[in-house]
Amino acid sequence: YRTATARSDGPLLTKGQKVRGHEFHWSQLETEPTPQLAAYEIPDRPQPLEGWRHGSVFASYVHLHLAADVRLAPRFVEQCSLSERTPA
């Protein structure tokens, strides 16, 4: 398990928010994320930047656990509700 810190606001977390999750790999990255595109920071790893983000899409080897923080599920529902009201 890892503690990840969000590098920007997203559908589950706000920038700087910490959350626990399980890190699981079946592959390896050929290119590490840049500071501008990294989703999370995990300070106890040799390469602290983790995952990629593009808009509201976050891709990461860290699988966040909604029970790790009671704010995650309500924020996700709120963000989904906002996106329904925004035309594509």
**Fill in**
Result of the Cβ filter at 8 Å on region 65-81, keeping first residues that are under 14 Å from A6 (Cα atoms) and partners that are part of a helix (DSSP H, G or I) and aliphatic (A, V, I, L, M), at least 6 apart or interchain, is L72/L66
**Request:** Output the residue which, of all residues in region 65-88 that are β-branched (V, I, T) and modelled with pLDDT of 85 or more, is most open to solvent (accessible area, probe 1.4 Å).
**Result:** V70
**Message:** So, in region 8-64, how many residues would count as being open to solvent by 70 Å² or more (accessible area, probe 1.4 Å) and closer than 20 Å to Q79 by Cα?
**Reply:** 8
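The values are calculated or read from the model by the stated rules, or taken from the named source; none is laboratory data. Quick caveat: nothing in here was measured; it's all calculated off a predicted structure. Glycine also receives a Cβ, built like all others from the backbone with ideal geometry; neighbour counts cover every protein chain displayed. Note: areas computed on protein heavy atoms with side chains; ligands, DNA, RNA excluded. Shrake-Rupley method; radii C 1.70, N 1.55, O 1.52, S 1.80 Å.
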